[in-house]
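Worksheet: one structure, shown below.
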Amino acid sequence: SVLGYRVKICLPRNASVERQRMLLAYGAELVLTDPTEGTDGAQRHCRRIVEAEPRRYFYPDQYNNPANWRAHYETTAEEIWRQTDGQVTHFVAGTGTSGTLMGVSRRLRELKPSVRCIAVQPDSPLHGLEGMKHMASALVPGIFDPKVADETIEVSTEDAHRMLLRLAREEGLLVGPSAGANLHAAMVVAGRLTGGVVVTILCDSAAKYLSEDFWRESADPASEVWP
């Protein structure tokens, strides 16, 4: 909007109301796709639009653009290294586009080869973790390299929701479901250790999810906000 470019965004019809309204507020044109196909369906539809009029559109393609993982290689990993004084022993990140996991893991391994890198993904193809991919059943991003992760931890939608509710009530942090999944997995890793520094990313705020029903669990039973 600042540069004056028109933007068209494809996303599943069941994307949160807040997400859709935020994009519309910035002036984006939304193309809503079949919710049963998830983000994969949105990707496929987007590609068809671009292929039909290639001279009209610039397609950033975050799932296949190496600039995605390189941004995390050059910035996020360096920030983690500085903030932990090089003491990081484990890095845990989700597989959405996989850019964070790929970029941070590669750079941390250069700085400290003993760092273990753990991928996080939903435990089912039919999950409620918006933005995350169940790799065995999804379109695998071109930038994803399964050899980068030392292991993969699968997280249920329910466990991710429980963790984000804990973060809100106990730490005063409002995060989204994918951040809840990351922290749940990081807690699993930390629970195995007698010492170490486990780092994860709270990659999404709750701003796009506040109308979702899972917040009912943290509401006062007498509240009329959620009827």
Checklist entry - Is it the case that LEU202 is under 13 Å from the mean Cα position of the chain (by Cα), in a loop (DSSP other than H, G, I, E, B), farther than 13 Å from LEU129 by Cα and assigned by TED's automatic domain parsing to the domain that holds ASP123? => result yes
Checklist entry - Residues of the range 1-57 being surrounded by 12 or more Cβ atoms within 10 Å (Cβ to Cβ), outside any helix (DSSP H, G or I) and acidic (Asp, Glu), which ones? => result ASP34
Checklist entry - Looking at the range 1-54, which of its residues are closer than 21 Å to PHE214 by Cβ, touching a residue at least 60 places away in the same chain (Cβ under 8 Å) and of a type outside the set (A, V, I, L, M)? => result SER16, GLU18, ARG19, GLY38, THR39
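Identify all residues within the range 102-134 that are aliphatic (A, V, I, L, M) and under 16 Å from THR36 (Cα atoms); write none if there are none.
LEU126, LEU129, MET132
Just checking, does the range 113-132 include any residue being in contact (Cβ under 8 Å) with a residue 12 or more places away in the chain, over 26 Å from GLU18 (Cα atoms), loosely packed, with under 15 Cβ neighbours inside 10 Å and of a type outside the set (Asp, Glu)?
Checked the range 113-132: at least one residue is in contact (Cβ under 8 Å) with a residue 12 or more places away in the chain, over 26 Å from GLU18 (Cα atoms), loosely packed, with under 15 Cβ neighbours inside 10 Å and of a type outside the set (Asp, Glu).
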Checklist entry - In this structure, is GLY172 at positive phi and either among the acidic types (Asp, Glu) or modelled with pLDDT under 95 (or both)? => result yes
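Yes or no: the range 139-152 includes at least one residue that is surrounded by 19 or more Cβ atoms within 10 Å (Cβ to Cβ), over 21 Å from TYR73 (Cβ atoms) and in contact (Cβ under 8 Å) with a residue 24 or more places away in the chain.
No, the range 139-152 contains no residue that is surrounded by 19 or more Cβ atoms within 10 Å (Cβ to Cβ), over 21 Å from TYR73 (Cβ atoms) and in contact (Cβ under 8 Å) with a residue 24 or more places away in the chain.
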Next on the checklist: Can you confirm whether ALA149 is touching a Cys at 6+ places or on another chain (Cβ under 6 Å) and at pLDDT 95 or above?
Outcome noted: yes
Checklist entry - Quick one: would you say ALA67 is at pLDDT 95 or above and surrounded by 14 or more Cβ atoms within 10 Å (Cβ to Cβ)? => result no
Checklist entry - So is LEU202 farther than 21 Å from THR100 by Cα, in contact with a helix residue (DSSP H, G or I) (Cβ under 9 Å, 6 or more places away or on another chain) and surrounded by 14 or more Cβ atoms within 10 Å (Cβ to Cβ) or not? => result no
Next on the checklist: I'd like to know if the range 79-95 contains one or more residues that are under 25 Å from VAL188 (Cα atoms), of a type in the set (S, T, N, Q) and modelled with pLDDT under 95.
Outcome noted: yes
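The values are calculated or read from the model by the stated rules, or taken from the named source; none is laboratory data. In this text the structure is predicted, and so the values were computed from the model without any measurement. Reconstructed Cβ throughout: ideal geometry from the backbone, glycine too, with neighbour counts over all protein chains shown.
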